[in-house]
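Everything on this sheet refers to the single structure shown next.
The values are calculated or read from the model by the stated rules, or taken from the named source; none is laboratory data. Quantities reported herein were computed from a predicted structural model and do not represent experimental measurements. Neighbour counts run over all protein chains shown; Cβ positions are idealised from the backbone, glycine included.
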Amino acid sequence: MDSRRKKVVITTKLMLAASALVCALLFVIILILFSGSLPLLKQESIINILFSSFWNPGKGGFGLYPIIIGTVYVTGIAMLFSVPVSILSSIYIAEYAEGRVRNIIKSFVDVLAGVPSVVYGMCAIIVLVPLVRDYMAPFLGATSTGFCILTAGMILAIMVFPIIISICVDVFRAVPNELREVSYAIGATKWETIKHVVFRAAFPIPRLSSSVFEPGTTLAAFIATNFGEMMSVPFYYSAMMLMALILILVVLIFNIIAKIIIRKSYGGGGR
């Protein structure tokens, strides 16, 4: 018995140490990015950096505003495309699909989640770029090369489908059965129950309106395409570190918000 208890204690401590290591890695990454950003932050005000449109490292211009706005546009378009489809799909999976059908669909969703991003990029170049260039832009009275914010938002929407579907399915299935039964008992149909009881877990997504046929860039894309260039220019490295830090903080904030929303939406058990 003592031996078994000792194994449990050791295993628990190992898991705690592993969890602490993962948390420590996040703080180390943030610390590295912050320390790398300090030279630029000491030279320029963070307000000037975030809201200036002047990017010319050779002349000391490190305005991130166009890059941040590009990130917001692409993210907004991706959410605009992905959220409605993902919510409808997750409603079917959670509320309508039978066990076997549900498992098959979830298997496909899991496969989509595991597809490397480079494959999505290839598909975007082969399919979406010509679609936007030859059909969507002319239909809306615009001209575009196809390599634009709209294309980036569309392929990002496809990439986040499995993530949103998985989260929504978990949220919908976390609704206690008692709420459904009460809804049915007062004469509500299945769709009315989903709409007024289950669907309350869904929240509105902010929409952005702009010309989406112009080329643009995002924080992640800018870092990927420019890191390593012009490193001899003063504060260029710091600007790259600051962009990476902003990206990490945004992801961290959105993860925390998502956890809070899910926790407050339905704290009870599900089906």
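General observations
- Residue check for Val22: aliphatic (A, V, I, L, M), modelled with pLDDT under 80 and more than 16 Å from Met240 (Cα to Cα): no
- Counting only residues that are touching a residue at least 60 places away in the same chain (Cβ under 8 Å) and over 13 Å from Leu242 (Cα atoms), segment 44-63 holds 3 of them.
- Count of residues meeting criterion [in contact with a Pro (Cβ under 7 Å, 6 or more places away or on another chain) and either closer than 30 Å to Arg102 by Cβ or among the small types (Gly, Ala, Ser) (or both)] in segment 121-177: 1
- Candidates are the residues of segment 146-163 that are among the β-branched types (Val, Ile, Thr) and either in contact with a Phe, Trp or Tyr (Cβ under 8 Å, 6 or more places away or on another chain) or crowded, with 21+ Cβ neighbours inside 10 Å (or both); the one that is nearest to Val118 (Cα to Cα) is Ile155.
- Residue within segment 9-26 that is assigned to a helix (DSSP H, G or I), surrounded by fewer than 19 Cβ atoms within 10 Å (Cβ to Cβ), in contact with a Leu (Cβ under 9 Å, 6 or more places away or on another chain) and not basic (Lys, Arg) present: yes
- Among the conditions (1) loosely packed, with under 12 Cβ neighbours inside 10 Å; (2) hydrophobic (A, V, I, L, M, F, W, C); (3) closer than 22 Å to Ile194 by Cβ, Val101 misses just one, which is (1).
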